[in-house]
Each structure stands twice: as C-alpha cells, then as structure tokens.
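J.: One structure follows; several queries about it will come next.
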Amino acid sequence: MTATSTPQPADIKFNPKKCSLDKDTNELTSNYTYENIVFDENNQFDTISTNYKFKVDLSKPKSLGILLVGLGGNNGSTLFSTVKCLQNNISFHNGKFNTTKEPLYGSMTQCSTIKLGVDAQGNDVFVPFKDILPMMDPSNFIVHGWDINNSNMAEAIERSQVLQYDLIQNLKPFVEKTRPMPSIYYPDFIALNQNDRVNNISNSTQDPQKWQDLQRIRNDIKTFKHENHLDQVIVLWTANTERCVEIIPGINDTSENIMAAIKNNHQEISPSNIFAIASILEGAPYINGSPQNTFVPGIIELAESRNVLIAGDDLKTGQTKLKSVMMQYLVDAGIKPVSIASYNHLGNNDGKNLSSHAQFRSKEISKASVIDDCIDSNKILYPDIELKEKDNHVDHCIVIKYVPAVGDSKVAMDEYYSELMLGGHNRISIHNVCEDSLLATPIIIDLLVMTEFFSRIKYTKVVDGIESTDFNEFYPILTFLSYWLKAPLTRSGFKPINSLNRQRLALENFLRLLIGLPANDELRFEERLV
Ligand code: NAD
C-alpha cells in the first residue's frame, strides 16, 4: 500500500492470522471478537464477547450510478460538476494564481488518513483512508437526477454561483447537454417561495395521482440503471428541505398502510416519501441529505423487509460538525456548557426556502439534537436532564436568516457559554464563513463511497466454533454513516451518537478489523512502559 496509489485487490495488506483471501471469489474474510461491558439494573457488569466473521467483496463495480433528487440545485450541480472535472481532467484559473487541479478537500474518504500502527522507532504510520480496502473512485460515478426546474446543468451551475467563473466556462461543454429528469411536486411541502422554479414536473398539482408518481420514479431508476449498464444505483435527496410530515396511525406507520395511503393520494405523503419508497422497491440505497422526517415508520419497515440500506438525516457540514466537536471537548474537559447560541445567515436558494417557518422548523429540529448524547453522557454536569430545569440542560438557540447578498457563502456565528469552577465563566465565540456547497459536496461523495463500500460487506456469527453458512447484510439503517449526518437516523430502541470523534472511531476501527487489525487504543506502551 503506498500513499498515492489506489490499491488493486492484489495490493491489499491484511493480517494473515485473522484474515484469509479467497482468490476465486476475491473476498477477504476476517475474524473478529467483539467485546463489550454490559451493566445490569443493579449496576453490576459483565463482559460479553461475540465472535464474528466479516467478508468484504474486494471487486468494486466499474461504475456506480448516482441519482440526485435536486440535481439542479447548489449541491446537486456542484457534485455533478466535480465528477465531470475528474472524468475530463478539467483544470481552471484559480483567481490571480495559476491553473490548478484541486484535490477533493473536505472529503474524509479522499483526503484523510488512518493510523495503522507504528514503525520500528515507535512513530505513527498513517495510510490514506481510501487505500485500506478498495473503494469507489468518484471519477467512476455516473451522475444524473431529477429537479422541478428544467435548467440544463450549465445554467444550473451559473445560477448556483458556487464555482469560479473560469471553471464554469471550462465545464460548460461537458455539462450543458444534461437536463434533470422531471420530478414530482406537491406544493405544500417546500416553501411557497420556490413556486417560480417549478417548470419540470411529471405530476398534476391539481389532481395528484401519487401511485402513478411512484411508478414513474421507479421506472426512471430502472431505465437509468439499464441504459448505463449499472449494477448498483444510490439515490440521494439533496432537494429543498420539506416540512416534516405528520406521523399518523393507519397512514404512514406501517409499510402496508403507507402503500395504501399512496394509492389514496393522502395529503401527508411527501415527494421525499415517494422517492424513498421507489428507491427501496428498486433495491437502491436511499440517503436523505435534508432534515425532513422522510423515514416515517412505514418506510423504515419497508427498508427492513426488503433489506435495502437507508441513511439520514441532513448533511453534517460546518456549524453542526463543529458543534459536535466543541460540545464533546467542553463536556469531556469537565466544563459545563449552559448555553449555545447559533446564528446563520445565507443567501442561496436553500436559505430562501428555509426562510419559511415550516421548512425552518425541520432544520431547527435536526440542528438541535446534536448535543443530546453529550449532555446524556455526563451526570456530574447534568444530573438529571429529564427535569429540564436551569441546572440540568443547555439553552440551545438556533437562528437562520436569508440574506441574498452573501449568496452561497454561509456565515455561522456561535457562542458557547460555559460555567467554570468558583463561579467563573468561559465564553467561546466562533465566526465561520465558507461556501456552503463546497462543504456539502465532499460529504455527499463520502456518503456515496461508503454506502457502496458497506454494500459489499457481509457477516456471520460464530457460535461455539461453528459459523453459520448464511452471511447477513447490515441492518438497513446504516448508522456507520452518521459521521456525515446531522441527525442520525437510528435503529428503534437505540439513541443516536452525534459526537464526531466517536463516529470516526467506529469507522476507523471497523476498517481495521476488516483487515485483521485490533481496535486503535492509543495506549502507546512502547513509550510509556519501561
Ligand atoms: P438548492 O435550493 O440550491 O437546491 C435544491 C434543488 O432541489 C433545487 O434545484 C430545487 O429546484 C430542487 N427541488 C425542490 N423540490 C424538488 C423535488 N420535489 N424534486 C426534485 N427537485 C426538487 O439547495 P442546496 O443548497 O443544494 O441544498 C440542498 C439540501 O441540502 C437542502 O435541503 C439543504 O438544507 C440540505 N443541506 C445543505 C447543506 C449545505 O451545506 N449546503 C448542509 C446540510 C443540508
């Protein structure tokens, strides 16, 4: 494994004591003993240990189909352009400096490293995240999608005002022939201020036929897969934030009920519900990059019964990512945050849509939950969060304002106000400005790369030395992706993990176990013991 090359299966390094490579099937199998400490109601603990066998198919597909809902938006058009740049080696004049080709900064899979061990001198050895096992290269993505607006992709990137002028000019010949497929639009789910964008829809807004809409989207997925000779397609929602749907018993609480509700054109069936169901029925993993509650119980049940991967909600880009790091730093340092005030202003179309109350409310919910696991982890600082009294919670205020002048350059201002010992206080203020879509696009790339990667992994339990011949796929809600998601959708009965460090640790250690390495514990005994 080198720092620069993408390994072919033959290059994969693994621990032969724990792993074996089947050259016929090109599958790498690793043995892992999962250990955990389990407490009972009397606070007595026991260690549990379970033996697993994991199997990774090392043959990644030649191309991966990506269908974006909201292809013509800022994120959609930026992802589309990024892939075209990679595929056609497009360079550009960056400001007053020279012509450059930029690495995919901001993408953990493409630009970060993982510590594997130490060298003979005890120095840490790191390798690129993407080189540990074969992962899709984004240049092998085939990207298309839907939008309620019919602008071609050259018009879309000009409208988005994300990319530099020179890059847009160089990209135009490669993108102008692509137009998004017509989508579905039920007016009361996104803000009314989006109405003037709507000129590319396949449904009637007067006489909705939601069952037909579902069939049309299924057909679009099938056709895209067939025409591009694809084995796998992933669908990702990066369209406008919708209002949340009401969870209604008998309507969207079971998979059977939600299918019936679609046939009956029920009001609470949103466009994103239709896209998620169409994807699941077509066996295509579905990722929700926006905050709305697309994954109602009926859709989760459908994904479970069809064994199709789903993940959401909302991309964890700038402010929220930092918040999940800051909160953990403060709480783990024994400092007690008592308020967090977060202000955003942005001037892109996302900001315009979020200036409407119902859509802002979806965003507010997804942004607010990010501190919950930290508060829950420390009963010294927050003795009983259930009481919701002054001493037992964090005042968390979130404001988003639409300021057209700043365009895609989102401004985020956060104040963390904490209590110190002996009546002291600590106030940390953060001011962050950056192109929103240039933070979101690498995160979308990571979600796609990792979803495809996880779909090539299977596992079985080994009980008393006997392994079952049936290998399972992951439970459909793929919480390994929560690193990139603001309000991680979580399996019923489990609480979401928001802490960025804990999310990354899980990914790192999982990649390590697949090649037969133990979890990274940072004990550094080479240095610390005599
Ligand atoms: P955008 O407004 O530029 O793009 C959204 C696109 O979706 C538009 O082109 C719109 O026409 C289209 N659209 C709306 N309803 C549709 C439907 N039913 N079918 C198909 N297309 C539809 O927004 P954006 O900046 O690209 O953000 C997209 C989403 O990602 C938003 O929900 C936003 O909240 C979320 N998000 C963005 C970031 C970020 O940093 N950019 C971070 C987290 C989440």
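J.: Using alpha-carbon positions, what is the distance between the centroids of the stretch 211-277 and the stretch 104-128, in Å?
T.: Here the answer is 40 Å between Cα centres.
J.: Report the antiparallel proportion of the DSSP beta bridges in the chain as a percent, rounded to a multiple of 5. Walk me through the intermediate numbers first.
T.: Details: 54 of 82 bridges.
Counting DSSP beta bridges with both partners in the chain, the antiparallel share is about 65 percent.
J.: If you find the alpha carbon centre of the stretch 11-87 and of the stretch 323-388, how far apart are they in angstrom?
T.: The stretch 11-87 and the stretch 323-388 have Cα centres spaced 29 Å from each other.
J.: Which of the peptides 188-196, 20-28, 274-282 is most tightly packed, and how do the rest follow, going by the mean number of other Cβ atoms within 10 Å of each residue?
T.: Numbers: 188-196: 16.4, 20-28: 13.6, 274-282: 24.4.
In decreasing order of mean packing, 188-196, 20-28, 274-282 become 274-282, 188-196, 20-28.
J.: Using a 1.4 Å probe over the heavy atoms of the protein chains, calculate the carbon and sulfur portion of the accessible area of the stretch 318-402 as a whole percent.
T.: 56 percent
J.: Once you keep just the Cα pairs under 8 angstrom separated by 6 or more residues, what percentage relative contact order results for the stretch 159-274? Walk me through the numbers before you get to the answer.
T.: Working: 70 pairs, mean separation 33.2, N = 116.
The normalised contact order for the stretch 159-274 reaches 29 percent.
J.: Using 0.36 nm per residue of separation minus the Cα-Cα distance, give me the extension gain between E176 and D376 in nm, one decimal. Before the final figure, lay out the partial values.
T.: Working: separation 200, 0.36 × 200 = 72.00 nm, distance 5.03 nm.
The E176-D376 span can extend by a further 67.0 nm.
J.: In debye to the nearest 20, how big a dipole does the stretch 89-220 give about its Cα centre with +1 on each Lys and Arg Cβ and -1 on each Asp and Glu Cβ? Could you put the intermediate results ahead of the total?
T.: Numbers: 12 positive and 15 negative charges, 32 e Å.
The dipole of the stretch 89-220 has a size of about 160 debye.
J.: In addition: Could you give the length gained by full extension between I247 and D124, i.e. 0.36 nm per residue of separation minus their alpha carbon distance, to one decimal place?
T.: Details: separation 123, 0.36 × 123 = 44.28 nm, distance 5.00 nm.
Additional length available on full extension: 39.3 nm.
J.: 7 Å from Cα along Cα→Cβ at both N89 and K62: what's the point-to-point distance in nm?
T.: 2.1 nm
J.: Measuring from label point to label point, each 7 Å out along Cα→Cβ, what is the R361 to E35 span in nm?
T.: Result for the modelled spin labels: 4.9 nm.
J.: Under a Cβ-Cβ cut-off of 12 Å, what is the net charge of the residues other than S255 that fall near it, where Lys and Arg count +1 and Asp and Glu count -1?
T.: Numbers: positive: R306; negative: D253, E256, E301, E304.
Residues near S255 contribute -3 overall.
J.: Another question, then. What ranking of H226, H396 comes out by heavy-atom accessible area, probe 1.4 Å, highest first?
T.: Values: H226 140, H396 50 Å².
Reading off the accessible areas and sorting them downward yields H226, H396.
J.: Under a 1.4 Å probe, what is the accessible area of the stretch 155-268 per residue, stated in Å²? Walk me through the numbers before you get to the answer.
T.: Values: 5850 Å² over 114 residues.
With all protein chains present, the stretch 155-268 gives 51 Å² per residue.
J.: For the chain, just run the numbers: alpha carbon Rg, then divide by 2.2 N^0.38 Å, N being how many residues it has. Intermediate results must be reported in sequence, preceding the final value.
T.: Values: Rg = 23.8 Å, N = 530, 2.2 N^0.38 = 23.9 Å.
Rounded to two decimals, the normalised Rg is 1.00.
J.: Another question, then. Just to confirm the filter: which trypsin sites (Lys or Arg not before Pro) across the stretch 368-474 are DSSP coil and have at most 14 other Cβ within 10 angstrom of their Cβ? Kindly include the intermediate steps, with their values, before the conclusion.
T.: Working: sites: K379, K388, K390, K401, K410, R427, R456, K458, K461; in loops: K379, K388, R456.
Listed in order of number, the matching sites are K379, K388.
J.: Turning to a different aspect of this structure: Run the paramagnetic zone check for Y343: 7 angstrom along Cα to Cβ, then residues of the stretch 417-432 with backbone nitrogen under 20 Å.
T.: 417-418, 426-432
J.: Another one. Net charge within 14 Å of L302 by Cβ-Cβ distance, Lys/Arg positive one each and Asp/Glu negative one each, not counting L302 itself? Mind showing how you got there, number by number?
T.: Numbers: positive: R218, R306; negative: D253, E256, E282, E301, E304.
Residues close to L302 contribute a combined charge of -3.
J.: Next question, about the same structure. With a sphere of radius 12 Å drawn around the Cβ of C397, what net charge do the other residues whose Cβ falls strictly inside it have (Lys, Arg +1; Asp, Glu -1)? Intermediate results must be reported in sequence, preceding the final value.
T.: Numbers: positive: K367; negative: E364, D395, D414, E415.
Within the 12 Å Cβ shell, the charges total -3.
J.: Can you tell me the FRET efficiency between S305 and T205 if r is taken as the Cβ-Cβ distance and R0 is 45 Å, rounded to the nearest 0.05?
T.: Working: r = 32 Å, r/R0 = 0.71.
So the FRET efficiency works out to roughly 0.90.
J.: Right, here's the next one. For the stretch 156-175 and the stretch 440-501, compute the distance between their C-alpha centroids and round to whole Å.
T.: Here the two parts' Cα centres lie 35 Å apart.
J.: With respect to the cross-link table entries K13/K62; K222/K367; K263/K458, which display a Cα-Cα separation exceeding 27 Å? Don't skip to the answer; put the middle values down first.
T.: Details: K13/K62 22 Å; K222/K367 35 Å; K263/K458 36 Å.
Distance filter (> 27 Å) returns K222/K367; K263/K458.
J.: Here's a follow-up. Quick check: residue separation of Y165 and K17 times 0.36 nm, minus the Cα distance between them. What number comes out in nm? Spell out each step's value before the answer.
T.: Details: separation 148, 0.36 × 148 = 53.28 nm, distance 5.42 nm.
Gain on extension, Y165 to K17, equals 47.9 nm.
J.: List every DSSP H helix in the chain whose Cα atoms extend 18 Å or more along the helix's own long axis and whose mean Kyte-Doolittle hydropathy is at least 1.0. Display every interim value, and only then the final one.
T.: Details: long enough: 74-88 (21 Å, -0.28); 210-227 (25 Å, -1.72); 319-332 (19 Å, -0.09); 436-454 (27 Å, 1.47); 500-514 (22 Å, -0.01).
For the chain, where a helix must reach 18 Å along its axis and average at least 1.0, the hits are 436-454.
The values are calculated or read from the model by the stated rules, or taken from the named source; none is laboratory data. Computed from a predicted model, the values in this text were never measured in an experiment. Methodologically, a virtual Cβ is constructed for each residue, glycine included, from the backbone with ideal geometry; neighbour enumeration extends over all protein chains shown. Keep in mind that these areas ignore ligands, DNA and RNA; they rest on the heavy atoms of the full protein, side chains included. Shrake-Rupley method; radii C 1.70, N 1.55, O 1.52, S 1.80 Å.
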